[in-house]
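Each value in this text was obtained by applying a stated rule to the coordinates, not by laboratory testing. All figures in this text were calculated on a predicted structure; none of them were measured in a lab. Cβ atoms come from the backbone with ideal geometry, glycine included; neighbour counts cover every protein chain shown.
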Amino acid sequence: MPSHVSSPGQLLACAPALLGFTPHESLLVVGIREARVRYACRADLPTGHPAVLEEFAQSMRAQLGHVTVDHQVLAVVGSGTDPTDLPYRSLLDIVGTRLDPAGTTIVGRYWLPAVTAGVRWRDYDDPHHTDLLPDPRSTVAAAEQAACGQVTFSGREEIAALLAPAPAEDLARRTKLLIQHTDEPSSRRARLALLRHAAGNAALANLPDSDADIVALLQALSDPDVRDHCLSWNGAAEQLWAHLTRQAPRPWRAEPAVLLAVSAYRRGHGALANIACQHAQRASPGHALAALLAESLSCGISPEQLEELITSAADDIQGRLD
């Protein structure tokens, strides 16, 4: 996260790196505490009568209610071209009221047609306060993301496409294999060793492609204690979870998907975390860990809080595996 920004334009230009993708037709909420950006979230712009706007504002408050910040910045991206009549002013009034608890101040409300270099951003509260947006690729946030090997996507749809399931015939074939071999004995240590080896290979861009390898890994993750132990894994393991999410049939897809969601959220990629969590819930309705994670994400739990929960759970699970 960028520690300091010197203008609204610089802050707005950070949005793609902070979110992990370029927002379109969105409401952005950026929270700042002690001169640092603590969160950035977005939601599709709502349409409809005032009751819809009120419901939207309440949902935003619920999502962000667990994060402590000193200041908040609101921004509307898109949906308007007339600089003398900026759109969604009433929405910002409602949202600002709901998001402005004691001790927090809305310090800016801005509109811009797109998060693209050279577009003009405007201030809802001061028509003379306006400037051109710098290149989002040149921000400190973008540099920090690139240094960590993280990709900023052109849109949320591009992230969703990353987890598109494998061809139906592949999934059907693996379903049969998983059903046939569901009771094969294997110690938890052996399952963990198999997963560690696969994660190590993922670091070398060597992902499993045979049915036998994929099925063996999914069987290993079907043990809740083994899966939960993997919650603490970082780095290339995330590439393995994404690959297995694509390659796994239902309901086995839920396990790598929830691991992917946790890994993505821990590094601040909320969009990928939410999409992966949705995959887990669709693959296995009622999945306890996916439901818990979805509730945590909707309540605005911070990556740091999630890290504490994972560390505590991992220590307990390790004790059971020893």
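Just a few scattered comments:
- Globularity ratio of the stretch 163-321, using Cα Rg and 2.2 N^0.38 Å: 0.97
- Computed 3J(HN,Hα) for the stretch 212-222, one whole-Hz value per residue from the Karplus formula 6.51 cos²θ - 1.76 cosθ + 1.60 where θ = phi - 60°, is 4, 5, 5, 4, 4, 5, 5, 5, 4, 6, 6, glycine and proline marked x.
- Label point distance in nm, Ser6-Ala291, each placed 7 Å from Cα along Cα→Cβ: 5.2 nm
- Calculated FRET efficiency, Ala117 to Arg36, Cβ-Cβ distance, R0 = 30 Å: about 0.80 to the nearest 0.05.
- Each of Pro256, Ser232, Ser298 was scored by the projection of its Cα onto the charge dipole of the stretch 232-300, and the greatest displacement toward the positive side belongs to Pro256; charges sit on the C-beta of Lys, Arg, Asp and Glu.
- Highest average packing first - 273-279, 21-27, Cβ atoms within 10 Å: 273-279, 21-27
- Gain on full stretching of the segment that runs from Asp125 to Arg173 - 0.36 nm per residue minus C-alpha separation: 11.3 nm
- Compared with the alpha-carbon gap, the fully stretched path from Glu157 to Gln180 is longer by 4.7 nm at 0.36 nm per residue.
- Label-point separation, Ala212 to Ser79 (7 Å along Cα→Cβ), nm: 5.5 nm
- When each of Ser90, Ser263 is scored by the number of other beta-carbon atoms lying within 10 Å, the sequence from fewest to most is Ser90, Ser263.
- The phi-based Karplus calculation (6.51 cos²θ - 1.76 cosθ + 1.60; θ = phi - 60°) puts the 3J(HN,Hα) values of the stretch 197-205 at 4, 5, 5, x, 5, 4, 4, 9, 6 Hz, whole numbers, x for Gly and Pro.
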